[in-house]
1. Which residues, taken from segment 159-188, are out of contact with any Asp or Glu (no Cβ under 8 Å at 6 or more places or on another chain), assigned to a loop (DSSP other than H, G, I, E, B), among the aliphatic types (A, V, I, L, M) and in contact (Cβ under 8 Å) with a residue 24 or more places away in the chain?
2. What tally of residues in segment 118-134 results from selecting those that are assigned to a loop (DSSP other than H, G, I, E, B) and closer than 11 Å to TYR57 by Cα?
3. Can you tell me which residue is farthest from the chain's Cα centre (by Cα) among those in segment 17-68 that are of a type in the set (Asp, Glu) and modelled with pLDDT of 95 or more?
4. Considering only segment 150-164, state which residues are of a type in the set (A, V, I, L, M, F, W, C) and either surrounded by 16 or more Cβ atoms within 10 Å (Cβ to Cβ) or under 12 Å from the mean Cα position of the chain (by Cα) (or both).
5. Would you be able to say whether some residue in segment 22-42 is within 21 Å of GLY153 (Cα to Cα) and buried (at least 20 other Cβ atoms within 10 Å of the Cβ)?
6. Across segment 5-59, what is the number of residues that are part of a loop (DSSP other than H, G, I, E, B), without any contact (Cβ under 8 Å) to a residue 24 or more places away in the chain and of a type outside the set (A, V, I, L, M)?
7. May I ask you to say which residue of LEU136, LEU80, LEU110 is touching a helix residue (DSSP H, G or I) at 6+ places or on another chain (Cβ under 7 Å) and hydrophobic (A, V, I, L, M, F, W, C)?
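The values are calculated or read from the model by the stated rules, or taken from the named source; none is laboratory data. It should be emphasised that the depicted structure is a prediction, and the values quoted were computed from it without experimental measurement. Positions of Cβ are backbone-derived with ideal geometry, glycine not excepted, and every protein chain shown enters the neighbour counts.
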Amino acid sequence: MSLTAGQALRVRGANGSGKTTLLRTLAGLAQAESGEVRWQGRAIAACRDVYHAQMIYLGHAAAVKDDLLAWENLVYAARLNGRVLDRSAAEQSLTALGLGRAAQLPARSLSQGQRKRLSLARLHGVEGQAAPLWILDEPFNALDQDAVGALCGALDQHFARGGMLVYTTHTDLALNPSQALEMNLDRPALSAPGAPTNAAPAAPPKAAL
């Protein structure tokens, strides 16, 4: 299967069916037993740096550094991916997820839900805008209603830019990709429950999975 600009793939399946393993494999963090993951026609093993620069992977556990302040976590994550994010922009991303007042707090003092929002705030800044492929494992877990709304807004903006999404969730939400695809690991097959709603840009990036 493959994804093109503006498409979203929802991976479904019972606990233990391999959803997280599949997403980690797509992100280049696990080795496939057969087949390969390709980015713009090339195996990701042959273009690892380019691929990682154009992809964001967020696992179900919030990846934050406890010793850093909330805003420092975003600056640090951006730097790891070769991007520049200043404090003001980091605080704006946190505010978008309802964490504006927590920007000066060390990550270790944040609740589970706040830590999740801190991780997701990467999608609102320069990182999210520069990465055409987002791979998100249970992104809506531990979020309150306001945070869910903010994340849905970020996803719709991502689709409008021609971005692609691969994600897992147990929550049914109204997202607006150009085409919504589903893969059920309990009954491995690809389906398209949603019809195209807008045109993809010319010469879009493409991910072959």
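1. Hits for segment 159-188 are LEU173, LEU185.
2. Total meeting the criteria: 1.
3. Filtering segment 17-68 for residues that are of a type in the set (Asp, Glu) and modelled with pLDDT of 95 or more, the one farthest from the chain's Cα centre (by Cα) comes out as ASP67.
4. Across segment 150-164, the qualifying residues are ALA150, LEU151, CYS152, ALA154, LEU155, PHE159, MET164.
5. There is no residue in segment 22-42 that is within 21 Å of GLY153 (Cα to Cα) and buried (at least 20 other Cβ atoms within 10 Å of the Cβ).
6. The total comes to 8.
7. When all the criteria are applied, what remains is LEU110.
Quick grid of which residues meet (1) surrounded by fewer than 20 Cβ atoms within 10 Å (Cβ to Cβ); (2) in a helix (DSSP H, G or I); (3) on the phi > 0 side of the Ramachandran plot; (4) at pLDDT below 95:
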| residue | (1), (2), (3), (4) |
| --- | --- |
| GLU72 | yes, yes, no, no |
| ALA78 | no, yes, no, yes |
| GLY82 | yes, no, yes, yes |
| LEU85 | no, no, no, yes |
| SER88 | yes, yes, no, no |
| LEU136 | no, no, no, no |
